[in-house]
1. Being among the aliphatic types (A, V, I, L, M), exposed (fewer than 15 other Cβ atoms within 10 Å of the Cβ) and either free of Cβ contacts under 8 Å to residues at least 40 places away in the same chain or farther than 21 Å from E12 by Cα (or both) is the requirement here; does L130 meet it?
2. Looking only at segment 53-76, which residues are surrounded by fewer than 22 Cβ atoms within 10 Å (Cβ to Cβ) and touching a strand residue (DSSP E or B) at 6+ places or on another chain (Cβ under 7 Å)?
3. Within segment 53-64, can you find the residues that are assigned to a loop (DSSP other than H, G, I, E, B) and basic (K, R)?
4. Taking the condition assigned to a loop (DSSP other than H, G, I, E, B), surrounded by 24 or more Cβ atoms within 10 Å (Cβ to Cβ) and not hydroxyl-bearing (S, T, Y), does C50 pass?
5. Taking interchain pairs and intrachain pairs at least six residues apart, which have beta carbon atoms under 6 angstrom, with the first residue in segment 7-18 and at pLDDT below 95 and the second of a type in the set (G, A, S) and outside any loop (DSSP other than H, G, I, E, B)?
6. Which strands (runs of 3 or more DSSP E) does segment 65-179 wholly contain that include 2 or more residues that are touching a Phe, Trp or Tyr at 6+ places or on another chain (Cβ under 9 Å)?
7. I need a count of the residues in segment 135-157 that are farther than 24 Å from G79 by Cβ and either free of Cβ contacts under 8 Å to residues at least 24 places away in the same chain or buried (at least 18 other Cβ atoms within 10 Å of the Cβ) (or both).
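The values are calculated or read from the model by the stated rules, or taken from the named source; none is laboratory data. Since the model is a prediction, treat every value here as computed from it, not as a measurement. Don't worry about glycine lacking a Cβ; one is built from the backbone with ideal geometry, like all the others, and counts go over all protein chains shown.
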Amino acid sequence: MTVLLINGSVHERGSTATALAEVARGIADAGQMSQTVWIGAEAVRPCIACGGCRKSQRCAFGDEDGVNRLIELILAADGVVFGSPVYYAGMNGALKCLLDRIFFAGSAGFALKPAACLVVARRGGTTSALEQLQKYPNIAQMPIVGSFYWPMLHGRRPEEVQQDAEGMQIAWQLGANMAWLIRCIQAGLASGLQPLVCQSRTMTNFIR
């Protein structure tokens, strides 16, 4: 069982990576494996709502900025953790572009795969950034894993994040809870417990 950790910062070894490393430690302490993927610092195209992904469930832009690779990694993982720095009370813009395209194209295969979100800020904006980030797994029917407090850490540099003792404990518990929920889901499936699925979805538009 492997949990995919997505570092949504432009800094590969910055504050977000430090927080995710503690999540990974919690996963490992619970007896599971994890893999961390960095989104990079290159420009990312926004979704243009072309609809080209409807049949293939892959982004029509191809894999020039890693979107389709990330879709494959999420599909292969047992759980996913999304981590982002806080920019102007929201997530990193490049990460948002990636997630728009990842979830528009591939989220049909993400249902019931546990997900967790984590944000890091120097000071403020964490609450709105976390809420924004959690919108993605929430609409994709991914059970959202929590900790004993909201997964928000503080620190501009890695060494400052490490001084946020409570935040680091929150991150560790988030990882341990993720590993536990994955085991619970797999045990349920092994015993024959299957989820109920809505067979006929109704789309209600406000303007007709």
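1. So L130 does not fit the description; no.
2. Result: L73, single match.
3. Within segment 53-64, R58 is the sole residue that qualifies.
4. So C50 fails the test.
5. Sorted first by the residue in segment 7-18, then by its partner, the list stays empty.
6. In segment 65-179, the matching strands (runs of 3 or more DSSP E) lie at 79-85, 115-121.
7. 2
So that you can scan it fast, the table gives a plain yes or no per residue for (1) free of Cβ contacts under 8 Å to residues at least 24 places away in the same chain; (2) more than 13 Å from the chain's Cα centre (by Cα):
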{"position": "G62", "(1), (2)": "yes, yes"}
{"position": "D65", "(1), (2)": "no, yes"}
{"position": "M91", "(1), (2)": "no, no"}
{"position": "R101", "(1), (2)": "no, yes"}
{"position": "A108", "(1), (2)": "no, yes"}
{"position": "P114", "(1), (2)": "no, no"}
{"position": "C117", "(1), (2)": "no, no"}
